[in-house]
Amino acid sequence: MAKTKTLFFCQNCGAQSGKWIGNCPSCGEWNTYVEEIIQKEDKALHPILKQAKENNKAHLINEIDLKSDKRDSTSNKELDRVLGGGMVPGSLVLIGGEPGIGKSTLMLQVALKMKNKKVLYVSGEESGQQIKMRADRIKLSSDSFFILTETLTQNVFRQIEHIEPDVVIIDSIQTLHTDYIESSAGSISQIRECAAEMQKYSKVNHIPVFLIGHITKDGALAGPKILEHMVDTVLQFEGERNYGYRILRSIKNRFGSTSELGIYEMQSTGLHEVENPSEILISQRDEDVSGVAIASTMEGLRPIMIEIQALVSTAAYGTPQRSSTGFDLRRLSMLLAVLEKRSGFKLGIKDVFLNIAGGIKVDDPAIDLAVISAILSSSEDIPIEQKVCFAAEVGLSGEIRSVNRIEQRIHEAEKLGFEQIFISKYNLKGIDLKNPQITITPVKKIEDVFRLLFG
Ligand code: TYD
Ligand code: MG
């Protein structure tokens, strides 16, 4: 018998080496090298993967027919949008997310709604009964939905040959393994080989394949950085566990823009598409409270109104605390320093807590002005009127800076019935709005805002 051949693979980035190394030269991580058996057996490829080889030839670009490769709807508006307008035949899509975020639920839901298509759902994690139970829970059923609980790719292809599905979903790529390679399921070489087989299958047969992938606790797709290169589209499903909102973001997309995103809400009957996120993210208040300001932000290409809540109080213990949820803590410290140094507000001895309602994370600098206004409102204990909102960045010298897509932001505020929006004076030039229903208040410095809001 031939000697077993092994190689060491970095579990973070997939780099390989003949001997063990402590510090990966490729991604810089420590202790990520693991020995894997990579002896490839000379088994013939499954026939389904081989079709293309013989009759493959070069084509002139003008001869390539795009019509036959038309996009199909997934019957889920948000997912279609994130994919760039639907599924592309022969595309390989990776959906990553933390455990329990709802990846399986989303794909099951999508699969059950595609009534006119034969869908094969390959599960290596749950039994057929469990999936059926979940389908009952989300109250969907379908006559063209097949479940296969299998982890060996060769068996998966055998079933694919038999069923001839229109769409294939793999839950999850980490549970698959191929006979072709000897190392254990979930190892880098297995993941790479299985994904490569799926890729071949999808390209040769023009079938869209969705791969579900796990994410490590620091947010990287577990192991498979390599996967990101192989697939056509990488979607990330994210959200705070304790809140119902889930955001589906595209990180890479060969067939569309990466700035689109889909918003869902996890309910007891599955994931529901959220068409008007602004209406949900802003809390309904009967009376004015201090420390609340509304910002008009952009998530991808969509304007969303979000609510910023601040609490400023005298530090009870020696060192003042700064805490922030959904907003970068360093940016908060910077804004506080600007308030202190440039505008003379004494916040150095105060505790400051900041929270973005709804559990979403925002890194759009255009919410700076709302953050500052919420802090000042809490500090002065004077509420900001409910029909007022903000869209501007704050610079280090306390100047109010312009932001991109200002018209869309104003339009969203207008649509939701806001009566006044504070923007940067420098944003006025580019605006082309036909008689807006909303009062646009241009400001130049933090003091201007303070004077207008709190007199
Ligand atoms: P799941 O799809 O299993 O997550 P993943 O595949 O990403 O690991 O989602 C599991 C969570 O979603 C679980 O904690 C229960 C919750 N859930 C609901 O709240 N409502 C539902 O209708 C379903 C099906 C799940
Ligand atoms: Mg799952």
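Just a few scattered comments:
- The single residue among Asp80, Asp72 that is among the acidic types (Asp, Glu), within 23 Å of the chain's Cα centre (by Cα) and modelled with pLDDT under 90 turns out to be Asp72.
Conditions tested, residue by residue: (1) hydrophobic (A, V, I, L, M, F, W, C); (2) within 19 Å of Lys252 (Cα to Cα); (3) in contact with a Ser or Thr (Cβ under 9 Å, 6 or more places away or on another chain).
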{"position": "Gly84", "(1), (2), (3)": "no, yes, yes"}
{"position": "Val88", "(1), (2), (3)": "yes, yes, yes"}
{"position": "Ser104", "(1), (2), (3)": "no, no, yes"}
{"position": "Lys115", "(1), (2), (3)": "no, no, yes"}
{"position": "Glu126", "(1), (2), (3)": "no, no, yes"}
{"position": "Ile131", "(1), (2), (3)": "yes, no, yes"}
{"position": "Asp136", "(1), (2), (3)": "no, no, no"}
{"position": "Ile147", "(1), (2), (3)": "yes, no, yes"}
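- Leu79 meets the conditions (1) crowded, with 22+ Cβ neighbours inside 10 Å; (2) within 13 Å of ligand 1 (Cβ to nearest atom); (3) assigned to a helix (DSSP H, G or I) in every case but one. The failed one is (2).
- Note on the stretch 394-425: residues that are open to solvent by less than 10 Å² (accessible area, probe 1.4 Å) and charged (D, E, K, R) total 1.
- One residue stands out among those in the stretch 110-142 that are farther than 26 Å from Leu227 by Cβ and not in a helix (DSSP H, G or I): the one that is farthest from ligand 1 (Cβ to nearest atom), which is Asn116.
- All positions within the stretch 152-196 that are of a type in the set (Ser, Thr, Tyr) and either surrounded by fewer than 17 Cβ atoms within 10 Å (Cβ to Cβ) or away from ligand 2 (no atom under 16 Å from the Cβ) (or both): Thr153, Thr178, Tyr180, Ser183, Ser184, Ser187, Ser189
- Identity of the residue in the stretch 83-109, part of a loop (DSSP other than H, G, I, E, B) and under 16 Å from the mean Cα position of the chain (by Cα), that ends up nearest to Gly300 (Cα to Cα): Gly84
- Scan of the stretch 121-175 for residues that are within 25 Å of Ser268 (Cα to Cα) and among the aliphatic types (A, V, I, L, M), ordered by number: Val122, Ile131, Met133, Ala135, Ile138, Leu140, Ile147, Ile169, Ile170
- Lys103 vs. criteria surrounded by fewer than 17 Cβ atoms within 10 Å (Cβ to Cβ) and outside the structural domain of Tyr33 (by TED's automatic domain parsing): no
- Single match in Leu271, Leu311 (criterion: open to solvent by 70 Å² or more (accessible area, probe 1.4 Å), modelled with pLDDT of 90 or more and part of a strand (DSSP E or B)): Leu311
- Val371 modelled with pLDDT of 95 or more, assigned to a helix (DSSP H, G or I) and assigned by TED's automatic domain parsing to the domain that holds Ala315: yes
- Count of residues meeting criterion [open to solvent by 10 Å² or more (accessible area, probe 1.4 Å) and under 14 Å from Phe390 (Cα atoms)] in the stretch 283-308: 3
- Within the option set Ile147, Ile207, being assigned to a loop (DSSP other than H, G, I, E, B) and either closer than 24 Å to Phe237 by Cα or among the acidic types (Asp, Glu) (or both) holds for one residue only, Ile207.
The values are calculated or read from the model by the stated rules, or taken from the named source; none is laboratory data. A quick note: this is a predicted structure, and the numbers were derived from the prediction, not measured. Heads up, the Cβs are rebuilt from the backbone with ideal geometry, glycines too, and the neighbour counts pull from every protein chain shown. In case anyone asks, the SASA skips ligands and DNA or RNA and just uses the protein heavy atoms, side chains included. Shrake-Rupley method; radii C 1.70, N 1.55, O 1.52, S 1.80 Å.
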